[in-house]
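So the structure is just underneath, and the comments pick up after that.
The values are calculated or read from the model by the stated rules, or taken from the named source; none is laboratory data. This is a predicted model, so every value here is computed, not measured. Ideal geometry is used to build each Cβ from the backbone, glycine not excepted, and the neighbour counts take in all protein chains shown. Note: accessible area is taken over every heavy atom of the protein model, side chains too, but ligands, DNA and RNA are not part of it. Shrake-Rupley method; radii C 1.70, N 1.55, O 1.52, S 1.80 Å.
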Amino acid sequence: LLRVVPAAVKRSPDAAPKALTILREAVAPTQAFEVRGRAVMALGALGPLGVPMLAEVRTGADEPVLRHLAARELAGVGSADARGALRAALADGDPRVRETAAEGLGRLRDVDASAALIAGAKQEPWPFVRRAELEALGRLCGAGAADLLVRGVERDVAEVRRAALVSLSRCKDPRAQPLLLRVLGRRNEASTMRALAAALLGEMGDRTAARAMAAALGRQI
């Protein structure tokens, strides 16, 4: 029944205040977990109307899964207020929430999130969250992002390095081609990284890289 509430509001907009009251009661900590989860999804389906309450759930819910659901719904709404709430979610105590917030900000191309994403990635202990943050930066290509991406390629774990390579190439940073060539030519580099570097160099379409790529291929053989 909670999932029907947004459809009722769409049919009868005057019912919105009553609907919000029902959903506020449904997300209360005294309710069963599943009821609270359904209410969060209903708030997302309300669009901008549900953003303030979704932000409250993301900030104050005791269950990390509910905060994750709230962040996911905020990303689906995508309004200015929703993007602001997602930027705040980058500091959530649960890594899955931070990952969801980073993914959402990247998809929404929120240019105002670059600084928060960079700051978060620099201190993020979980690799899968760093990966999401670097992927988001690759969609935004804001100031300072390329420096962090270069460092990610050179120093991080494999899954984060792959994301950094793709993002650096997508941002068309002048350091991308030399770095990709170095990765391609390293004998002790993982084959998956070398393959990715070759593919990204091909996508760039810069023929000046052909000689260095051929030399790297010869060394690999």
Among the candidates Glu203, Glu189, which residue alone is open to solvent by less than 80 Å² (accessible area, probe 1.4 Å) and of a type outside the set (A, V, I, L, M)?
Glu189
Looking at this structure, is Arg182 within 28 Å of Ala119 (Cβ to Cβ) and more than 27 Å from the chain's Cα centre (by Cα)?
yes
List pairs: first in the stretch 199-218 and more than 18 Å from Arg170 (Cα to Cα), second in a loop (DSSP other than H, G, I, E, B), Cβ under 9 Å, 6+ apart or cross-chain?
Ala216/Arg186
Does at least one position in the stretch 74-82 carry a residue that is surrounded by 18 or more Cβ atoms within 10 Å (Cβ to Cβ) and charged (D, E, K, R)?
no
Residue in the stretch 17-64 that is least open to solvent (accessible area, probe 1.4 Å), counting only those that are under 23 Å from Gly93 (Cα atoms) and among the acidic types (Asp, Glu)
Glu63
From Ala116, Ala101, Ala121, residue being surrounded by 24 or more Cβ atoms within 10 Å (Cβ to Cβ), under 21 Å from Gly76 (Cβ atoms) and in contact with a helix residue (DSSP H, G or I) (Cβ under 7 Å, 6 or more places away or on another chain):
Ala101
Positions within the stretch 151-183 being open to solvent by 50 Å² or more (accessible area, probe 1.4 Å) and either touching a residue at least 40 places away in the same chain (Cβ under 8 Å) or not hydrophobic (A, V, I, L, M, F, W, C) (or both), in sequence order
Arg151, Glu154, Arg155, Glu159, Arg162, Arg170, Lys172, Pro174, Arg175, Pro178, Arg182
Among the residues of the stretch 9-16, is any in contact with a Ser or Thr (Cβ under 8 Å, 6 or more places away or on another chain) and either over 28 Å from Pro127 (Cα atoms) or open to solvent by 20 Å² or more (accessible area, probe 1.4 Å) (or both)?
no
Hey, can you tell me all the residues within the stretch 70-114 that are over 16 Å from Met53 (Cβ atoms), at pLDDT 95 or above and of a type in the set (A, V, I, L, M, F, W, C)?
Ala80, Leu90, Ala91, Val97, Ala101, Ala102, Leu105, Leu108, Ala113
